[in-house]
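Trainee: The structure under discussion is supplied below as structure tokens; questions concerning it will follow.
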Amino acid sequence: MSEGENQGGGRDPGGDRGSGHGSGGGQRGGRGSGRPAQGRGSRDRGRRPDSQRTSSRPSERNRGTDPARRAAYDVLRSVAATDAYANLVLPPVLTERQIRGRDAAFATELTYGTLRMQGRYDAIIAHASRRDVTSLDAEVLDVLRLGAHQVLGMRVPGHAAVSETVGLARSTCGTGPSQLVNAVLRRITERPLAEWLDLIGADAKDETARLAAVHSHPAWVVRAMRSALAQTGPGDGDLEALLEADNASPAVNLVVRPGLADPEDVSDADPGRWAPTALVLRGGDPGAFEAVRSGRIGVQDEGSQLVALAAAAVPIEGPDRTWLDLCAGPGGKAALSAALLAQRAPDGLFVANEVAEHRARLVEQSMSAVRGLLPGIEVRTGDGREIGGTEPGRYDRVLVDVPCTGLGALRRRPESRWRRSPSDLSALGQLQRELLTSALAATRPGGVVAYVTCSPHLAETRLVVEDVLKRTDGATLLDAVEVLAGVSAEPLGDLDGPYVQLWPHRHGTDAMFLALIRT
């Protein structure tokens, strides 16, 4: 999901979904993935031992780089080695090394920008080095990517970018590799970014490959986005706008949880455009505000807020006091939904289910402030696929925010695009169908199920819904666009029901998908 949460069981921490079974998370690049090399495998095994990397004068051996660049490098290596997410690895590194202020901002941009534009830089490095990047040691390739981003993606003078990156290479890889880094980066500085983009675009075998290289997306993702946009968009012009939006750093969105806080509790923020609960932070650390630290206000993408608001707004007949979030971790949508239920039925019951214990603990943290409004909150650890069988027809409303590829949140998870492959879709699709089937079974007649993903991939969105509805008696697809229009602060436009598909380039949100189903 877009708020950078891990919503459940199938994704890595910081993914956002979950029921928890076989989401395909943690797969790395390589065979058939269509992703740039991560610098693993044979290149790691072929590294020279440290004793062979230091045959240089002491003055050269001792020269390194500044702490900010070294922090960015260490985070990249950790991300590649452990499949961690940069937003979880970088903050403690900055804290432990006491990197603050402008240096921390520099390290942050260098880290995220390099991960985000890795595909583009690999194509440029291949052209400048006249070799396939898979022939380079993993450490050397990461150093070159960092240098390329400074030269082409940041306002760092070319000579400084080369000098500092060569120092980084010398201290981490050795003198020999640092000479290669020096030569390649000097070639990269000889051309502006526009010329490099023309060159790597001309090298591409077709339009998909050109878009993949220029806009730093795996080719299979480009094809998937084109197919998804074809349902609502004008063509490749819209596709390029989407790919560009994926590469832009998103603003920090906050959610004002109803009944717990007011917008005025955050002084340095503007109202969101769409969700009445949303704020957009102008800058700085959201944790600097007491309302955020206490959980009365949370960090959550505006699109994520919209789908939760719409799920709660569908009119239903009869009781409306027993709600379920089937895949709740780490709790952003659950906290907003529970606050809405508290306003409607203060004696209601909100059940937040999460398959993974550590994510269930995050749900507890997210819900802590809401408990003062709604005592009837139950956070449980369990398999969401079983609830339809063990509690048939119990709930009035069910939110099922399924594990998915996360292709809708590439702005916030720059490394995610290199970790997924088309092969993930099969296991995820089966899990998504089982979860939606369980959610429908757990909902009473006349109740509502909201099916949500943070992916626009058709195999994870409408194809799942349509397949399950074919096999489910008595379930009716509602017009989610009409419902969303009733909760949005202004008309979103560019939506053609019955499904809602939000887009970064059109709406400034993560690419959230919503289907509403009456049982």
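FYI, it's all coordinate maths here, none of it is from the lab. None of the values given here were measured: they were computed from a predicted structure. Here Cβ is always computed from backbone atoms with ideal geometry, including for glycine, and neighbour counts include all displayed protein chains.
Trainee: Under the rule of at least 5 residues apart or a separate chain, name every residue whose amide H is placed under 5 Å from the amide H of Leu254.
Mentor: Leu279, Val280, Leu281, Gln300
Trainee: Exposure proxy check: Arg273, Arg462 ranked by fewest other beta carbons within 10 Å?
Mentor: Arg273, Arg462
Trainee: Amide H of Ala269: which non-local residues (sequence gap of 5 or more, or other chain) have their own amide H closer than 5 Å, using H built in the peptide plane?
Mentor: Amide H to amide H, under 5 Å and 5 or more residues apart or across chains, Ala269 pairs with Arg282.
Trainee: OK, next. In whole Hz and in residue order, list the ³J(HN,Hα) couplings for the range 72-80 that follow from phi through the Karplus curve 6.51 cos²θ - 1.76 cosθ + 1.60, θ = phi - 60°; x for Gly and Pro.
Mentor: Rounded to whole hertz, the list is 4, 4, 5, 5, 4, 5, 5, 4, 5.
Trainee: For the range 295-310, take each phi angle, set θ = phi - 60°, evaluate the Karplus expression 6.51 cos²θ - 1.76 cosθ + 1.60, and give the result in whole Hz per residue in order, putting x for glycine and proline.
Mentor: Calculated HN-Hα couplings, in order: x, 6, 10, x, 8, 7, 4, 5, x, 5, 5, 4, 5, 5, 5, 5 Hz.
Trainee: Tell me, what is a quarter of the convex hull surface for the C-alpha atoms of the range 440-484, in nm² with one decimal?
Mentor: Seen from a random direction, the Cα hull of the range 440-484 projects 3.6 nm² on average.
Trainee: For the residue pair Ser426 and Ala230, what label-to-label distance in nm results when each label sits 7 Å from Cα along the Cα-to-beta-carbon direction?
Mentor: 2.3 nm
Trainee: Using unit Cβ charges (K, R positive; D, E negative) and no other charged atoms, how large, in debye to the nearest 20, is the dipole of the range 42-194 about its Cα centre?
Mentor: Dipole magnitude for the range 42-194 comes out near 380 debye.
Trainee: Next up: Arrange the following residues from fewest to most other Cβ atoms within 10 Å of their Cβ: Met367, Met225.
Mentor: In order of increasing Cβ crowding within 10 Å: Met367, Met225.
Trainee: Given the C-alpha centroids of the range 66-85 and the range 256-326, what is the distance between them in whole angstrom?
Mentor: Result: 32 Å between the Cα centres.
Trainee: What number, in percent, do you get for the relative contact order of the chain if the mean sequence gap of Cα pairs under 8 Å and at least 6 apart is divided by its residue count?
Mentor: After rounding, I find 19 percent.
Trainee: Angle, helix 86-96 long axis vs. longest principal axis of the chain, Cα atoms, 0 to 90°, nearest 10?
Mentor: 60 degrees
Trainee: Exposure proxy check: Asp246, Asp206, Asp137 ranked by fewest other beta carbons within 10 Å?
Mentor: Asp206, Asp137, Asp246
Trainee: Continuing with the same structure: Tilt of helix 101-116 relative to the longest C-alpha principal axis of the chain, in degrees (0 to 90, nearest 10)?
Mentor: The angle comes out near 80 degrees.
Trainee: Highest first, please rank the peptides 427-435, 84-92 by the mean number of other Cβ atoms sitting within 10 Å of their residues.
Mentor: Going by the mean number of other Cβ atoms within 10 Å, highest first, we get 427-435, 84-92.
Trainee: Return one number: the angle in degrees, 0 to 90 and rounded to the nearest 10, between the long axis of the Cα atoms of helix 332-344 and the longest principal axis of the Cα atoms of the chain.
Mentor: So the inclination is approximately 20 degrees.
Trainee: How large is log10 I(q)/I(0) at q = 0.18 Å⁻¹ when the Debye formula is applied to the Cα atoms of the range 329-380, each weighted equally and without solvent?
Mentor: -0.45
Trainee: What's the ranking of 286-296, 120-130, 193-203 by average number of surrounding C-beta atoms within 10 Å, highest first?
Mentor: 120-130, 286-296, 193-203
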